[in-house]
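The values are calculated or read from the model by the stated rules, or taken from the named source; none is laboratory data. If you're wondering where the values come from, they're calculated on a predicted model, not measured in any experiment. With ideal geometry, Cβ positions are generated from the backbone for all residues, glycine too; neighbour counts draw on all protein chains shown. All accessible areas refer to the heavy atoms of the entire protein, side chains included, with ligands and DNA or RNA removed. Shrake-Rupley method; radii C 1.70, N 1.55, O 1.52, S 1.80 Å.
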Amino acid sequence: MVRNKKALAWVDEMAALCQPDKIEWINGTEEERQRLTDIAIETGEMHLLNQDKLPGCLLHRTAQNDVARTEKLTFICTREEKDAGPINNWMDPKEAYAKVGEMFKGSMKGKTMYVIPFIMGVPGSPFRKIGIEITDSIYVVLNMRIMTRMGDIAADDLGDDEEFTKCLHCRGELDINRRFILHFPEDNTIWSYGSGYGGNVLLGKKCLALRIASYLGLHEDWMAEHMLILGLEKDGETTYICAAFPSACGKTNLAMLIPPDAFPGYKVTTVGDDISWLRIGPDGRLWAINPEYGFFGVAPGTSYKTNPNAMDTVKKNTIFTNVLLTNDNCVWWEGMTEEAPKEGIDWTGKHWHSDSGEKGAHPNSRFTAPAEQCPSISPEFNNPKGVPISAILFGGRRAKLAPLVYETFNWQHGTFVGATMASETTAAATGQVGVVRRDPMAMRPFVGYNMATYFKHWLDMGKKIAHKPKIFHVNWFRQDADGHFLWPGYGDNLRVLDWIIRRCKGEGDAVETPIGYVPTKDAIPLQGLDITDEAMGELLSVHRDDWLEELDGMKNYFDQFGNDLPYEFVEEQQELRKRLGAWDK
Ligand code: GTP
Ligand code: SPV
Ligand code: MN
């Protein structure tokens with residue numbers, strides 16, 4: 001039971017605002033899960049899938065205007081506009097509370113208000129953070145149950161006077177003109193109104209564990225990042241790697257990688273697939289924990305070929321959102337099998353035929369599954385200290401320019417490379433797909449304060465980490481002139497990880513180029529892989545003119561930060577220009 005007086009008072013206050021018929025504190029028991037599931041099935045909020053083939057699995061369809069994060073409707077509400085910076089949408093907190101408070105007023109009349117205490121991180125760990133989410137949606141309760149350690153375990157963990165994140169959610173009318181995802185970092189508060197889509201409503205995830213946590217990390221000397229965490233085991237030794245890729249750019253897949261048969265000797269274990277909290281350990285290394293308890297993964301493209309661990313994870317106790325419902329009451333999505341089912345019910349609830357030319361599952365359809373069901377889950381998953389990180393990877397979807405992999409020169413250069421990351425947009429956020437945009441550290445949508453200050457925080461952290469991870473950039477998505485991927489990706493990405501960990505040990509061959517160390521032609525193990533010399537040459541190539549053009553793009557991007565841009569980034573641009581100028585290729 002929650003005894004924290006501030007928490008009890010806040011719940012009373014929010015109940016007075018939303019005026020629910022009933023208030024229910026969530027305890028996290030199996031009995032409760034079953035009861036809420038039954039209600040949600042009864043009301044049609046959830047659909048019970050084939051319990052023989054998919055035990056404990058449910059399907060949910062969101063409103064058609066509510067299928068991804070809505071960055072335009074996401075705000076950082078700091079007292080000073082400059083503290084939100086030029087990238088974030090900003091609203092004055094007073095105005096925000098007043099405007100959206102009007103929407104919350106009476107919004108739960110006739111409904112039950114669920115109160116979910118939850119932990120981001122491991123119970124009892126000094127690094128964990130506690131939140132309380134108020135919601136009127138059973139879908140949210142059942143997802144939070146998978147994604148976080150919640151209920152009594154969290155209520156008991158919350159100290160009597162401890163701070164916690166106040167998270168208020170109401171589905172509202174699901175009208176985009178009345179949809180707001182508001183963050184008040186100075187008040188440790190999140191308000192989400194008018195949506196029922198994961199990233200907008202599972203408030204422990206992007207809202208707390210990234211936007212609010214990044215702000216807390218700035219003030220408490222740690223970092224909250226959009227990164228997977230994996231362990232790479234060889235000869236009984238495990239090396240841990242974090243990787244920041246933008247939404248729907250391969251984090252879940254890399255975190256669960258299975259080595260190709262032709263390249264044995266390694267085993268990958270999964271610590272996290274989306275979010276990482278990083279702190280400096282007493283040994284001077286950077287240590288990472290995954291604050292989450294489940295995976296909210298992209299369904300399309302997930303198959304026994306591309307990601308068998310994910311397929312095995314979602315066999316039971318999984319909530320599917322916006323996928324195709326098959327005739328045998330199971331689920332399907334594009335890319336799951338080579339052959340599509342002939343027909344089914346699509347993500348909009350309409351009859352679907354495989355010849356229709358329409359997608360059966362939404363491109364951002366997702367699965368919510370318990371992390372501990374993953375066959376590759378790391379033995380360190382519940383370790384409150386986390387794991388020590390040897391390498392940090394940045395990467396995005398770049399059809400051109402960025403080579404398969406390169407190593408940066410040092411932490412400052414690596415921070416600059418992370419900050420200049422760009423990637424093609426994906427269906428994970430509402431808006432145009434496939435447009436290259438800058439996405440620093442894959443955190444463009446997730447930094448809860450001024451991005452220029454975030455860059456400085458990275459540089460400052462580097463000065464404090466005695467044993468710094470090496471920083472690399474990867475790109476699995478480079479294409480040939482006909483638009484085909486040059487690199488097979490997925491399991492074969494292990495070949496690149498192999499080079500990376502050899503570099504961390506001072507091994508592995510590389511050539512120094514103006515952008516960093518690029519593997520020599522023979523440095524990436526290619527045994528058993530059908531790839532031409534020409535393709536490998538293209539994958540590892542660095543074209544001077546393209547990079548000079550890229551430099552102009554970087555400068556344009558950085559200009560918006562004015563004098564707030566760390567001087568180190570001005571230096572890095574100058575140095576890169578000099579190196580490119582002096583290069584004879
Ligand atoms: P979020 O959950 O949105 O943060 O995404 P994520 O970064 O975890 O992305 P995920 O691993 O779910 O991959 C997104 C899409 O990219 C899926 O459709 C994958 O099949 C595809 N993908 C992942 N890895 C690779 C790769 O190495 N090569 C290619 N070509 N596609 C990949
Ligand atoms: C992402 O968009 O990066 C996700 C999914 O991981 S969501 O939780 O919707 O943000
Ligand atoms: Mn993500």
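With Leu218, Leu257, Leu202, Leu208 as the choices, which residue is open to solvent by less than 30 Å² (accessible area, probe 1.4 Å) and away from ligand 2 (no atom under 16 Å from the Cβ)? Please lay out each step first, then the result.
Numbers: Leu218 fails: open to solvent by less than 30 Å² (accessible area, probe 1.4 Å); Leu202 fails: away from ligand 2 (no atom under 16 Å from the Cβ); Leu208 fails: away from ligand 2 (no atom under 16 Å from the Cβ).
From the options Leu218, Leu257, Leu202, Leu208, the qualifying one is Leu257.
Please specify each residue of the range 45-78 satisfying the condition of being among the polar types (S, T, N, Q) and in a loop (DSSP other than H, G, I, E, B). Spell out the reasoning first.
Keep residues of the range 45-78 that are among the polar types (S, T, N, Q), which gives 50-51, 62, 64-65, 70, 74, 78.
Of everything in the range 45-78, those that are among the polar types (S, T, N, Q) and in a loop (DSSP other than H, G, I, E, B) turn out to be Asn50, Gln51, Thr62, Gln64, Asn65, Thr70, Thr78.
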If you scan the range 387-435, which residues turn out to be part of a loop (DSSP other than H, G, I, E, B) and hydrophobic (A, V, I, L, M, F, W, C)?
Ala399, Leu401, Ala402, Leu404, Phe409, Met421, Ala427, Ala428, Val433, Val435
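To keep it simple, each residue is scored yes or no on (1) within 14 Å of ligand 3 (Cβ to nearest atom); (2) among the charged types (D, E, K, R).
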site	(1), (2)
Leu202	yes, no
Lys206	yes, yes
Ala209	yes, no
Leu216	no, no
Glu220	no, yes
Ala224	yes, no
Gly231	no, no
Lys234	no, yes
Restricting the search to the range 260-286, which residues are of a type in the set (S, T, N, Q) and either without any contact (Cβ under 8 Å) to a residue 24 or more places away in the chain or away from ligand 2 (no atom under 16 Å from the Cβ) (or both)?
Thr269
Read through the list (1) free of Cβ contacts under 8 Å to residues at least 60 places away in the same chain; (2) surrounded by 15 or more Cβ atoms within 10 Å (Cβ to Cβ); (3) assigned to a helix (DSSP H, G or I), then give the number of the only condition that Ala523 fails.
(3)
If I ask for residues that are open to solvent by less than 30 Å² (accessible area, probe 1.4 Å), touching a strand residue (DSSP E or B) at 6+ places or on another chain (Cβ under 6 Å) and of a type in the set (D, E, K, R), which ones from the range 273-308 would you list?
Asp273
Do you know which residues across the range 353-393 are touching a helix residue (DSSP H, G or I) at 6+ places or on another chain (Cβ under 8 Å) and more than 30 Å from Pro123 (Cα to Cα)?
none
Test for Asp157: is it without any contact (Cβ under 8 Å) to a residue 60 or more places away in the chain, closer than 19 Å to Ala9 by Cα and away from ligand 2 (no atom under 16 Å from the Cβ)
yes
Among the residues of the range 381-397, is any within 16 Å of ligand 2 (Cβ to nearest atom), surrounded by fewer than 23 Cβ atoms within 10 Å (Cβ to Cβ), modelled with pLDDT of 95 or more and not acidic (Asp, Glu)?
no
Tell me whether the range 14-35 contains one or more residues that are hydroxyl-bearing (Ser, Thr, Tyr) and either farther than 21 Å from Glu173 by Cα or assigned to a helix (DSSP H, G or I) (or both).
yes
Read through the list (1) surrounded by fewer than 12 Cβ atoms within 10 Å (Cβ to Cβ); (2) under 28 Å from the mean Cα position of the chain (by Cα), then give the number of the only condition that Asn493 fails.
(1)
What's the total number of residues in the range 79-106 that are open to solvent by less than 20 Å² (accessible area, probe 1.4 Å), touching a strand residue (DSSP E or B) at 6+ places or on another chain (Cβ under 7 Å) and in a loop (DSSP other than H, G, I, E, B)?
2
For a quick check of your reading of the model, give me the residue pairs whose first member lies in the range 16-33 and is closer than 17 Å to Met144 by Cβ, whose second is of a type in the set (S, T, N, Q), with beta-carbon atoms closer than 7 Å and at least 6 apart or on different chains.
Glu24/Thr112
Return yes or no: is Gly508 at pLDDT 95 or above, surrounded by fewer than 20 Cβ atoms within 10 Å (Cβ to Cβ) and not in a loop (DSSP other than H, G, I, E, B)?
no
Consider Ile515 carefully, then state whether it is more than 16 Å from ligand 2 (Cβ to nearest atom), in contact (Cβ under 8 Å) with a residue 60 or more places away in the chain and more than 16 Å from Ile241 (Cα to Cα).
yes
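Any chance the range 63-72 includes a residue that's without any contact (Cβ under 8 Å) to a residue 60 or more places away in the chain and either within 30 Å of Glu163 (Cα to Cα) or within 28 Å of the chain's Cα centre (by Cα) (or both)? Step through it out loud before you land on a result.
Going residue by residue through the range 63-72, those that are without any contact (Cβ under 8 Å) to a residue 60 or more places away in the chain are none.
The answer is no; no qualifying residue exists.
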If the requirement is being within 16 Å of ligand 3 (Cβ to nearest atom), in contact with a helix residue (DSSP H, G or I) (Cβ under 8 Å, 6 or more places away or on another chain) and among the hydrophobic types (A, V, I, L, M, F, W, C), which of these qualifies: Ala310, Ala299, Ala288?
Ala310
Scan the range 478-485 and give yes if some residue there is assigned to a loop (DSSP other than H, G, I, E, B) and in contact with a Lys or Arg (Cβ under 7 Å, 6 or more places away or on another chain), otherwise no.
yes
Within the set of pairs 6+ apart or on separate chains, which have a first residue in the range 526-552 that is loosely packed, with under 11 Cβ neighbours inside 10 Å, a second that is of a type in the set (A, V, I, L, M, F, W, C) and part of a loop (DSSP other than H, G, I, E, B), and C-beta atoms under 7 Å apart?
Gln527/Ala262; Gln527/Phe263
